[in-house]
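Asker: The structure is given below, and queries will be raised subsequently.
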Amino acid sequence: MLKRGFDILASGAGLIVLSPLLLGIAVAVRVSSPGPALYRARRVGRFGKEFTLYKFRSMVVGADRRGPGITAAGDSRITGVGRFLRRTKLDELPQLINVLRGGMSLVGPRPEDPRYVALYTPEQRRILEQRPGITSMASLTYRDEERMLSGEDWERVYVEQVLPAKLAIDLEYAKRATLWQDIMLILRTVLAR
């Protein structure tokens, strides 16, 4: 209950304080390439329920139908503005709406594409007991994940190595998480380059 209250206050305040930045990014996305400013992605949330995740669009329109659900290094579907948004993680800011609405938390395991959740082992599926988050210990650890995913076998590397490692990190964090640790993780995320 305390965590949810913190999520509501922090995401609401964040949306208000960051509204000029959010508007500026939305305009930059719209001006730089045809299509909407926001991208709506289907992700798997708490208890395996699918929901719509909001991000600033960083790829060409229809990119989700022309390739995998994760992005490898040098993906040609990424726009010029999108490359900057991804590098700085500014594309994630609209997820504050998801947090305010209750589908996500500020801190929790990153919500995954349904096609990869289908590959989870029974042990890994325990992560679905948690509300997904904008940041997590695993997302901080794997901040430069796109760079790791290069070469012909990049999707196999993701499924067999990166995804299991991220899930293990987040499962371990969930065992001992406190609001104070979440706040410290948020600060580490904001300060990460």
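The values are calculated or read from the model by the stated rules, or taken from the named source; none is laboratory data. Keep in mind the model is a prediction, meaning the values are calculated, not measured. Please note that ligands, DNA and RNA were not included when accessible areas were found on the heavy atoms of the full protein model with its side chains. Shrake-Rupley method; radii C 1.70, N 1.55, O 1.52, S 1.80 Å.
Asker: Counting only helical runs of four or more DSSP H residues, what would the 222 nm mean residue ellipticity of the chain come to if each run contributes -39,500 (n - 2.57) and the total is spread over all its residues? Write down the numbers at each step before the final one.
Answerer: Numbers: 10 runs with 90 residues, N = 193.
Taking each H run of at least 4 residues, the total per residue is -13000 deg cm²/dmol.
Asker: Still on this structure, please answer the following. Suppose a student asked you for the relative contact order of the range 1-129, using Cα pairs under 8 Å spaced at least 6 residues apart; what percent would you report?
Answerer: Numbers: 144 pairs, mean separation 39.4, N = 129.
Over the range 1-129, the number comes to 31 percent.
Asker: Please list, or write none, the lysines whose alpha carbon is within less than 28 Å of the alpha carbon of K175, excluding same-chain residues fewer than 8 places away.
Answerer: The qualifying lysines are K3, K49, K89, K166.
Asker: In whole Å, what is the distance between the alpha-carbon centres of the range 3-55 and the range 105-145?
Answerer: 18
Asker: Sticking with this structure for a sec: Let me see the P(r) profile for the range 83-161: every Cα-Cα distance counted, bins of 10 Å, each bin given as a percent of all pairs.
Answerer: Final binned percentages: 16, 44, 35, 5.
Asker: Now for a different question. Enumerate the aspartates and glutamates that K55 could reach by cross-link, defined here as Cα to Cα under 16 Å, with residues fewer than 8 away along the same chain left out.
Answerer: Qualifying aspartates and glutamates at Cα under 16 Å: D64, D91, E92, E112, D113.
Asker: Normalise the Cα radius of gyration of the chain by 2.2 N^0.38 Å (N = residues in it) and let me know the number.
Answerer: Against the compact-globule rule of thumb, the ratio is 0.99.
Asker: Contour minus end-to-end for L23 and E152, with contour as 0.36 nm per residue of separation and end-to-end as the Cα-Cα distance? Provide the component values of the computation, followed by the final result.
Answerer: Details: separation 129, 0.36 × 129 = 46.44 nm, distance 3.77 nm.
Length gained, L23 through E152: 42.7 nm.
Asker: Before I look further, what does the chain give for accessible area per residue, probe 1.4 Å, in whole square angstrom?
Answerer: Roughly 55 Å² per residue, with all protein chains present.
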